[in-house]
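S.K.: Provided herewith is a single structure, encoded as structure tokens, for subsequent inquiry.
The values are calculated or read from the model by the stated rules, or taken from the named source; none is laboratory data. Here the structure is a predicted model, which is why all the values come from computation and not from measurement. Here Cβ is always computed from backbone atoms with ideal geometry, including for glycine, and neighbour counts include all displayed protein chains.
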Amino acid sequence: MYFSTSPHIGVGYGVTTRELVKRMQADGHEVRVATKHSIGGQLIVDGIECMDGTEPEVINEVLSRDNYDYILSINDSWAFSAYNAAKAFTKSKWAMAMFLDTEWIHYHMINIAKESSFQLAVTKHGEKELKRVGFYPYYTPLGVDTNVFKPDPELRAQFRKKKGWTDDKFVIGFVGINYPTDRKNTINLIKAFQKFYKEFPDSELYLHTDTIGSASNGSSLQWILGSCGFEPNGMGPVKIVDQVDYHLWNISRDELVGLYNAFDTFCFPTHGEGFGLPIVEAQSCGCPVITTDTTSGKELLKGGLLIPVVEDDYVFSSLRTWVARVPATRIYDRMKIMYKIWKAGKLGKYQKKAREGMLEYDWNNVYDTYWRPFLKDLENKLDLSKIQTEQCPDWGYLHRQMIGRIMFAGKFNCDYKGCKDICAWEFPRLHREPFNERSILSRSYPIFPNKDGDLVVDIKCRFSGWLPPRFIDEIRILWEELWTYPRIRDEVKYLWDLGYFSKGNFKLLSDIKQEFDDSYSEVMQTCYETQFHITDEILNTFKNENCLTVLDAGCGQGVRIKTLNETGFKAIGTEVNKKWIDDKLIFYGDINNLPYSDNSFDVVMTVDVLEHVKDPLPALKELFRVTKKYAIIEVTSSSDGSIMEDATHCTRWSPPAWEREISEFGTIVKRITGQSWLVKKK
């Protein structure tokens, strides 16, 4: 039993069904196709028997009555979210092809995969993620019929004439579904072309998608086009596919081949793809591709340009996991590069690489190399029980992912005995794990799971009522994934049975009420211990350039001032927290209005202050006003997970964003750490 989309559907999974099942039948397999995506009933499509429009519960009944050896599902893994995964195909050996269209696998998909007997990864990215969380998947990529999807100069000329595209017109094409979440990033594609067209009016954009939005529940792209100054009906520089033909499936495969041939480049700035069949089809026709450097894009692209992805592009999606949403400006940049290549007459190199690279994904090659061995292996394993998954995660990987979310680098001092033991609880290194393993659960906040896996808070700790909202949201999501590992569940229960937390006074995290008032700010500044240190190299630089006077703006209790004065400098500080002001070395001073004249100090420094200011630019201007030579600036940036530790963090810029703003006032001489800089005044 093959569960997917009917082979008469001319896109994605339907094409895959036709190509795979015909080859399976040729190998002697008896195959029946079942799908929930159509009108219902039994159909014969191109010699393939189909049980159409069927829910998995019904399929289970069919499986229990008929003599099926196994079920193979080639379907969007998210489609299984509509019902309990435990009910899906439980009466048969189930081989599940997984389409991972997010950068990191979601815990929901992990739980579904556990219900299957065999997991299939259709991309190397998916294979890597499945292995990371403890599965042993087969790598079974999808393919393209390279005898159909191929370069055809005559077809190109025919279609360009049909669409009114002359040889001196640069045509950017797009083929994809208009999803409700705008997963293909079509809106930013249109915004990018808006800027591109103003600079290069000898260009056109062609959208092969639902622009109405009603049929696919997607965005009204016609409204988007109109708001960007284009004709919404496709009469201007942005052409759109005939909407009636599109929705009635009146567009043949040959017409799609003609379109790919007619494009000068195929732009596909998706948030992420489980496989990305249009990328393969376009390149197989010799069309260079622009796509996003994430999920499958980085492995499928052979001829074209990748749109770079930076940390700040990752957003938390409706799928409850992180996806890469590249901005319109970066899509425009890649369009511009491809245009210049076209204008210089050098597109042929990319066209050749695109075509040659796709021969690897020819369906005959893919089936012979990956699918036939898998099916043979499956036959030999029909009497086996389900594959056992790993009981514990990859500690090192999770340690890197959890820093700043569950694990914090900062330390707090609380005023009740035993709080440090609770707040510094480390797992799994504390019990029964090799000492050289990195911990993944170490908190500065008193928050951890109880025996049932619910997150609780020790309300004896003064920080229990001051848990930043973003931190709470993310730790809940991340903990749900961690709790899927039996090893972690066992460890948590083991620690509770030991009585490790018997002295705590616990409340469910969901029951905690919070107020971020002035007392919160004072306690945070009083108890938080920064990890920043000035290096000997920088101190020697200052001494060599006769920089002796130093101002520490926002100095806290003055630890750095004391160190500087002990090493021969003349250092003072300013502070708004009256607790630390002594009018000898530490004076009252707001970083937005420092009480000193221009060029008063050789060096001005500020550590973990600017991210607490709603608008850091006036503060930066003030710092460079009072310094004569240098500034040392250290912040908690968005790349540091601990940005969410403190609810008073107002500015969440990435390190590159900080560098751009700092460079307006001075020249960055050295990056001291990932988020601290030595800057020379301009």
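S.K.: State which residue is farthest from Val148 (Cα to Cα) when the search covers only segment 1-56 and only residues that are without any contact (Cβ under 8 Å) to a residue 24 or more places away in the chain and assigned to a strand (DSSP E or B).
M.R.: Gly41
S.K.: Based on what the data block shows, is Gly345 exposed (fewer than 15 other Cβ atoms within 10 Å of the Cβ) and in a loop (DSSP other than H, G, I, E, B)? It would help to see each step written out before you state the result.
M.R.: Details: exposed (fewer than 15 other Cβ atoms within 10 Å of the Cβ): yes; in a loop (DSSP other than H, G, I, E, B): yes.
Here the answer is yes, as Gly345 does meet what is asked.
S.K.: Which one is nearest to Lys680 (Cα to Cα), of the residues in segment 568-603 that are touching a helix residue (DSSP H, G or I) at 6+ places or on another chain (Cβ under 8 Å) and of a type in the set (Phe, Trp, Tyr)?
M.R.: Phe601
S.K.: Please give the number of the condition Thr270 fails out of (1) touching a Phe, Trp or Tyr at 6+ places or on another chain (Cβ under 7 Å); (2) of a type in the set (Val, Ile, Thr); (3) assigned to a loop (DSSP other than H, G, I, E, B).
M.R.: Among (1) touching a Phe, Trp or Tyr at 6+ places or on another chain (Cβ under 7 Å); (2) of a type in the set (Val, Ile, Thr); (3) assigned to a loop (DSSP other than H, G, I, E, B), Thr270 violates only (1).
The rows are residues; the columns are (1) in contact with a strand residue (DSSP E or B) (Cβ under 8 Å, 6 or more places away or on another chain); (2) hydroxyl-bearing (Ser, Thr, Tyr); (3) closer than 21 Å to Ile290 by Cβ; (4) not assigned by TED's automatic domain parsing to the domain that holds Trp104.
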residue	(1), (2), (3), (4)
Gly134	no, no, no, no
Val148	no, no, no, yes
Lys162	no, no, no, yes
Ile172	yes, no, yes, yes
Ile177	no, no, yes, yes
Lys184	yes, no, yes, yes
Phe196	yes, no, yes, yes
Glu199	no, no, yes, yes
Asp202	yes, no, yes, yes
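S.K.: Could you check segment 655-682 and list, in sequence order, the residues that are surrounded by fewer than 17 Cβ atoms within 10 Å (Cβ to Cβ) and among the polar types (S, T, N, Q)?
M.R.: Across segment 655-682, the qualifying residues are Ser663, Thr667, Thr673.
S.K.: State which residue is nearest to Arg487 (Cα to Cα) when the search covers only segment 451-466 and only residues that are in a strand (DSSP E or B) and modelled with pLDDT of 80 or more.
M.R.: Here is the first cut: in segment 451-466, the residues in a strand (DSSP E or B) are 455-458.
The next check asks that each one be modelled with pLDDT of 80 or more; those that pass are 455-457.
Details: Leu455: 17, Val456: 20, Val457: 22 Å.
Only one residue fits best here, namely Leu455.
S.K.: If Glu49 satisfies every condition in (1) modelled with pLDDT of 85 or more; (2) crowded, with 17+ Cβ neighbours inside 10 Å but one, which is the exception?
M.R.: With (1) modelled with pLDDT of 85 or more; (2) crowded, with 17+ Cβ neighbours inside 10 Å applied to Glu49, the lone miss is (2).
S.K.: Only residues that are modelled with pLDDT under 90 and either touching a Leu at 6+ places or on another chain (Cβ under 7 Å) or outside the structural domain of Thr181 (by TED's automatic domain parsing) (or both): list them for segment 212-243, please.
M.R.: Across segment 212-243, the qualifying residues are Gly213, Pro232.
S.K.: Does Ser663 satisfy the condition of being at pLDDT below 90, out of contact with any Phe, Trp or Tyr (no Cβ under 9 Å at 6 or more places or on another chain) and either farther than 22 Å from Thr549 by Cβ or among the aromatic types (Phe, Trp, Tyr) (or both)?
M.R.: Working: at pLDDT below 90: no; out of contact with any Phe, Trp or Tyr (no Cβ under 9 Å at 6 or more places or on another chain): yes; either farther than 22 Å from Thr549 by Cβ or among the aromatic types (Phe, Trp, Tyr) (or both): yes.
So Ser663 does not fit the description; no.
S.K.: Select from segment 115-148 the residues that are part of a helix (DSSP H, G or I) and surrounded by fewer than 17 Cβ atoms within 10 Å (Cβ to Cβ) and write down the one among them that is modelled with the lowest pLDDT.
M.R.: Pass one, segment 115-148, residues part of a helix (DSSP H, G or I): 115, 124-132.
Next cut, surrounded by fewer than 17 Cβ atoms within 10 Å (Cβ to Cβ) only: 124, 128, 131-132.
Details: Lys124: 95, Lys128: 91, Lys131: 88, Arg132: 85.
Restricting to residues being part of a helix (DSSP H, G or I) and surrounded by fewer than 17 Cβ atoms within 10 Å (Cβ to Cβ), the top hit is Arg132.
S.K.: Sticking with this one: Being within 25 Å of Asn546 (Cβ to Cβ) and of a type in the set (A, V, I, L, M) is the filter; apply it to segment 567-585 and report the residue that is surrounded by the most Cβ atoms within 10 Å (Cβ to Cβ).
M.R.: Ala571
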